[in-house]
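> Just dropping this structure here.
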Amino acid sequence: MNKKRILIISGESWREDSNGGNVLSNLFSTFTDEYEFAQIFTNPAMPSNSICAKYFHISEGEVIKAFLKNQTFGRELQSSDYLIQDELTIKNPSSSNWLTFLKKLNFPIFHTLQDLIWRGSKWQTPELEKFVLDYNPDVIFAPMYYSLFMHRIDRYVAELTNKKLVSYVSDDHLTFRQFSISPVYWFNRLLLRKNVIATAKHYSLLYTMTQEQLEEYQPVLKVPMKVLKKTGNFEGVPPLKTDCGNPLIIMYGGNLIYNRFKTLHKLAQAIKEINQNEIKIQLHIYTQTPITEKLKLLLDDGQNSLLLGKVSMEQLNIKYSGADLVLHVESFELKQRLLTRLSFSTKIIDLMHTGRGILAICSKESSPYKYLKSEDAAICVADVSEIKKTLQHLLEFPEQINEYAIKAWECGVRNHDAKIVTKDLHADFKSMIN
């Protein structure tokens, strides 16, 4: 049987040990009998997955050098090179260190300069055109990004192939409900909105992660839209923990961006106050975010809160099994609240699958809070002043932890069952091709 072809255009490389790559695998792992995949991506890291075997790399790690030398850049990767290239990247990551450093700073002017460099660079090459036309995709899947150059790549490929484009948005790249006193930030925001609207003219379908985002985007973009939920295997019964630990272990596994570390610090302070006479609760934090002295000072006192660094996703799942409560947090600062209010972390579905009660500490206006509260799928705290009181209540009534573990699992069964969601996803892609 001749398989249909899906071309994916994304910022992240397709690595199953990264969150972005894990999302791609979660979406398309059941497609492999009927579809084959190719990917155009810009992240310096090499791909590592069991689904896709054809890649074109327009590396953002090479863009400045190519721009300064007025050279073209971008190349098709050979599958035999992946492991070797990946090892070289791990052993000698200096080529992309500057990029990681600048991204961590996240200054508005950096995004402006980044766009100017990409705008003046020679990424639109005969090699890229040949790769796209030779592959001849039946449909294009291109998640929506903040970076303007990703929008230009999307439009270029859509116009070159004249094929239908399906997109997926997980953050707010469109609305003006943001906070910043920087004129550069608002200049970037205007350009982003303009590019999103321009790219959306090519969309045959746009998936959002939340109903709130769909309702805000639909009147502006005027394209077919659906809510797409991350899936999990929720068959059988949840792997509950029979007894709560002594001390009670609360575990966080995720990055510390958007000032999430400040909410974790508030939690650590509440735990310290409760533990004055004995250690009743411990916070264990696993993160891919580089650990600085500041983070150590705020989040690791060696007793109440432990900052345990980076582990693989497979190891993280093992760590979850040893916890009593698993944690979702967001910042309560105005700028960060507005920035993430329409976002829905795919990790929440991973938390539902752990068989542990979920503790969600985030503002009432955030999509995760609204969803988890309406589904009664987590112990929700919408005010940092309530953290200590909530923890004391759970120490007094620990049976509620397993009650919420069951509720989280049941929410997964109702709304995130892989068989139901992927059936709808398959139908959508077939309709794009037929």
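> Which members of region 11-30 meet the condition of being of a type in the set (S, T, N, Q), surrounded by fewer than 20 Cβ atoms within 10 Å (Cβ to Cβ) and in a loop (DSSP other than H, G, I, E, B)?
SER18
> Could you tell me which residue of region 36-61 is surrounded by the most Cβ atoms within 10 Å (Cβ to Cβ), considering only residues that are more than 25 Å from HIS426 (Cβ to Cβ), touching a Gly at 6+ places or on another chain (Cβ under 7 Å) and of a type in the set (S, T, N, Q)?
Of everything passing the filter in region 36-61, THR42 is surrounded by the most Cβ atoms within 10 Å (Cβ to Cβ).
> In region 253-274, is there at least one residue being part of a helix (DSSP H, G or I) and among the aromatic types (Phe, Trp, Tyr)? Break it down into steps so the answer makes sense when it comes.
Filtering region 253-274 down to residues part of a helix (DSSP H, G or I) leaves 260-274.
After this cut, where a residue has to be among the aromatic types (Phe, Trp, Tyr) as well, the list is 261.
Scanning region 253-274, I find at least one residue that is part of a helix (DSSP H, G or I) and among the aromatic types (Phe, Trp, Tyr), so the answer is yes.
> Something else: From the residues in region 224-281 that are touching a Pro at 6+ places or on another chain (Cβ under 7 Å) and not charged (D, E, K, R), which one is modelled with the lowest pLDDT?
CYS244
> Still on this structure: Give the residues of region 309-331 that are at pLDDT 95 or above and hydrophobic (A, V, I, L, M, F, W, C), sorted by residue number.
ALA323, LEU325, VAL326, LEU327, VAL329 - these are the residues of region 309-331 that are at pLDDT 95 or above and hydrophobic (A, V, I, L, M, F, W, C).
> I've got another one for you. Restricting to region 36-71, name every residue that is under 24 Å from THR346 (Cα atoms), in contact (Cβ under 8 Å) with a residue 40 or more places away in the chain and not polar (S, T, N, Q).
ALA38, ILE40, PRO44, ALA45, MET46, CYS52, listed by residue number.
> Now, a different point. Starting from residues that are more than 20 Å from the chain's Cα centre (by Cα) and more than 19 Å from THR112 (Cβ to Cβ), keep the ones in region 160-198 and report whichever is surrounded by the most Cβ atoms within 10 Å (Cβ to Cβ).
Only one residue tops the list, namely LEU165.
> I'd like the full set of residues that are under 18 Å from the mean Cα position of the chain (by Cα) and more than 19 Å from LEU267 (Cβ to Cβ), limited to region 358-373.
Correct list: SER367, TYR371.
> Right, another one. Which one of the conditions (1) of a type in the set (Gly, Ala, Ser); (2) more than 27 Å from ILE318 (Cβ to Cβ); (3) assigned by TED's automatic domain parsing to the domain that holds LYS319 does GLY253 fail to meet, given that it meets all the rest?
For GLY253, the failing item is (2).
> State whether one or more residues within region 389-400 are among the aliphatic types (A, V, I, L, M), surrounded by 22 or more Cβ atoms within 10 Å (Cβ to Cβ) and within 19 Å of GLU333 (Cα to Cα).
Among the residues of region 389-400, not one is among the aliphatic types (A, V, I, L, M), surrounded by 22 or more Cβ atoms within 10 Å (Cβ to Cβ) and within 19 Å of GLU333 (Cα to Cα), which makes the answer no.
> Sticking with this structure for a sec: Go through region 51-64 and give me each residue that's more than 21 Å from PRO126 (Cβ to Cβ) and either more than 25 Å from the chain's Cα centre (by Cα) or modelled with pLDDT of 90 or more (or both). Steps first, please.
Step one: filter region 51-64 for residues more than 21 Å from PRO126 (Cβ to Cβ), giving 51-53, 61, 64.
Correct list: ILE51, CYS52, ILE64.
> Right, something else. Out of all the residues in region 217-252, which are assigned to a loop (DSSP other than H, G, I, E, B) and among the charged types (D, E, K, R)?
Listed by number, the residues that qualify are LYS222, LYS229, LYS230, GLU235, LYS241, ASP243.
> For region 278-294, state whether one or more residues are surrounded by fewer than 15 Cβ atoms within 10 Å (Cβ to Cβ), assigned by TED's automatic domain parsing to the domain that holds VAL384, among the hydroxyl-bearing types (Ser, Thr, Tyr) and not in a loop (DSSP other than H, G, I, E, B).
The answer is no, given that none of the residues of region 278-294 is surrounded by fewer than 15 Cβ atoms within 10 Å (Cβ to Cβ), assigned by TED's automatic domain parsing to the domain that holds VAL384, among the hydroxyl-bearing types (Ser, Thr, Tyr) and not in a loop (DSSP other than H, G, I, E, B).
> Just name the residue that is nearest to LEU256 (Cα to Cα) out of those in region 304-324 that are in contact with a Phe, Trp or Tyr (Cβ under 8 Å, 6 or more places away or on another chain) and surrounded by 14 or more Cβ atoms within 10 Å (Cβ to Cβ).
LEU308
> Has region 65-81 got any residue that is in the same structural domain as MET150 (by TED's automatic domain parsing), modelled with pLDDT under 70 and among the hydroxyl-bearing types (Ser, Thr, Tyr)? Talk me through it step by step, then tell me what you get.
Let us first name the residues in region 65-81 that are in the same structural domain as MET150 (by TED's automatic domain parsing), namely 65-81.
Filter again for modelled with pLDDT under 70, leaving 79-81.
Still in the running and among the hydroxyl-bearing types (Ser, Thr, Tyr): 79-80.
Yes, region 65-81 has at least one match.
> Now for a different question. Just one of ILE257, ILE281 is touching a residue at least 60 places away in the same chain (Cβ under 8 Å) and either of a type in the set (Val, Ile, Thr) or within 19 Å of GLN400 (Cβ to Cβ) (or both); which is it? Walk me through it before giving the result.
Numbers: ILE257 fails: touching a residue at least 60 places away in the same chain (Cβ under 8 Å).
None of the others qualify; the one that does is ILE281.
> Still on this structure, I have one more. Tell me which residues, restricted to region 217-238, are of a type in the set (Val, Ile, Thr), over 21 Å from the mean Cα position of the chain (by Cα) and in the same structural domain as THR175 (by TED's automatic domain parsing).
Those that are of a type in the set (Val, Ile, Thr), over 21 Å from the mean Cα position of the chain (by Cα) and in the same structural domain as THR175 (by TED's automatic domain parsing): VAL220, VAL223.
The values are calculated or read from the model by the stated rules, or taken from the named source; none is laboratory data. Just so we're clear, the structure is a prediction, and the values are computed from it rather than from any experiment. Ideal geometry is used to build each Cβ from the backbone, glycine not excepted, and the neighbour counts take in all protein chains shown.
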